[in-house]
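Nothing in this text is a laboratory measurement; each read-out follows from the coordinates by a stated rule. In this text, all values refer to a predicted model and were calculated from it rather than measured experimentally. Ideal geometry is used to build each Cβ from the backbone, glycine not excepted, and the neighbour counts take in all protein chains shown.
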Amino acid sequence: MKALIAYVSYSGNTKEVAEIVEKKLKDEGVTVDNHRIGIDAPIHPECYDYFFIGTFTWEMGKTPDEIKDFVLEVGYKPDNIAVFGTGDTQFGGDELFCKAVDKLWKFYESKWSGLKIEQSPRGSQEQKVESWVEGVLQHAKSFA
Ligand SMILES: Cc1cc2nc3c(=O)[nH]c(=O)nc-3n(C[C@H](O)[C@H](O)[C@H](O)COP(=O)(O)O)c2cc1C
């Protein structure tokens, strides 16, 4: 099984989540490619069985432009997209918390709940990331 982790991160929180996702996937024997959206060369989506897309949320619940460009670059809606992100409840409370995760999740009709992490995942939220990855992989194994 081959997975792509594609993410955008300015101050490093979403990158940290991506790193935990990567480690967990590799521990479970999944081949992983990383893609820093807006930085790395364009991807070949047809090469991947699973996609993990990570985003932060911006200015009153907005999705970063880099994510919008990536969606257009991929150009279709692959089946197996899991969405994760980081945010901060200080910017508009629960209503706007990780709103970009909700938007992407809806757009891709993702099979899994979107993972929302408050700021850095290091510490108590690390387990939350790992459990979420396990949930995605359970589905993958049941269809193997
Ligand atoms: C100007 C600004 C606006 C923000 N707006 C929101 C928001 O509407 N909702 C939210 O959950 N987080 C919001 N945040 C918090 C970031 O999404 C959060 O810090 C995130 O972890 C940053 O990710 P990164 O470290 O990967 O760049 C905002 C942060 C800044 C600086």
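Assorted remarks:
- Packing, taken as the mean count of other beta carbons within 10 Å per residue, orders the peptides 50-56, 24-30, 3-9 from highest to lowest as 50-56, 3-9, 24-30.
- Spacing of the two label points (7 Å from each Cα toward its C-beta) at residue 76 and residue 134, in nm: 3.4 nm
- Extension reserve of the residue 59-residue 142 stretch, reckoned as 0.36 nm per residue once the Cα distance is removed: 26.0 nm
- GNM top mover of 41, 100, 18 - the chain, alpha-carbon springs below 10 Å: 41
- Summarising the label geometry, the points placed 7 Å from Cα in the beta-carbon direction at residue 23 and residue 1 lie 2.0 nm from one another.
- Computed Kirkwood radius, in angstrom, where 1/r is averaged over Cα pairs of segment 20-81: 13.1 Å
- Three-way shape label, segment 62-144, alpha-carbon gyration tensor, a/c 1.5: oblate
- The tail of the calculated P(r) for segment 89-129 beyond 15 Å holds 49 percent of all Cα-Cα pairs.
- Among the lysines of segment 1-85, pairs at least eight places apart or on separate chains and with Cα atoms under 25 Å apart come to 16.
- Charging the Cβ of each Asp and Glu at -1 and of each Lys and Arg at +1, and nothing else, the dipole of segment 2-138 about its Cα centre rounds to 100 debye.
- DSSP beta bridge pairing in segment 2-138, given as percent antiparallel to the nearest 5: 5 percent
- Between residue 33 and residue 127, the simple label model (points 7 Å from Cα in the Cβ direction) yields a spacing of 3.5 nm.
- A viscosity of 1.567 mPa s and a temperature of 4 °C, combined with the Kirkwood radius over Cα pairs in Stokes-Einstein, give a translational diffusion coefficient for segment 2-138 of 88 µm²/s.
- Annotation for segment 40-67 versus segment 82-144: alpha-carbon center distance of 13 Å.
- Subtracting the Cα-Cα distance of residue 49 and residue 10 from their residue separation scaled by 0.36 nm leaves 11.3 nm.
- Put simply, the amide H of residue 56, placed in the peptide plane, has neighbours under 5 Å in 8, 86, leaving out anything fewer than 5 places away on its chain.
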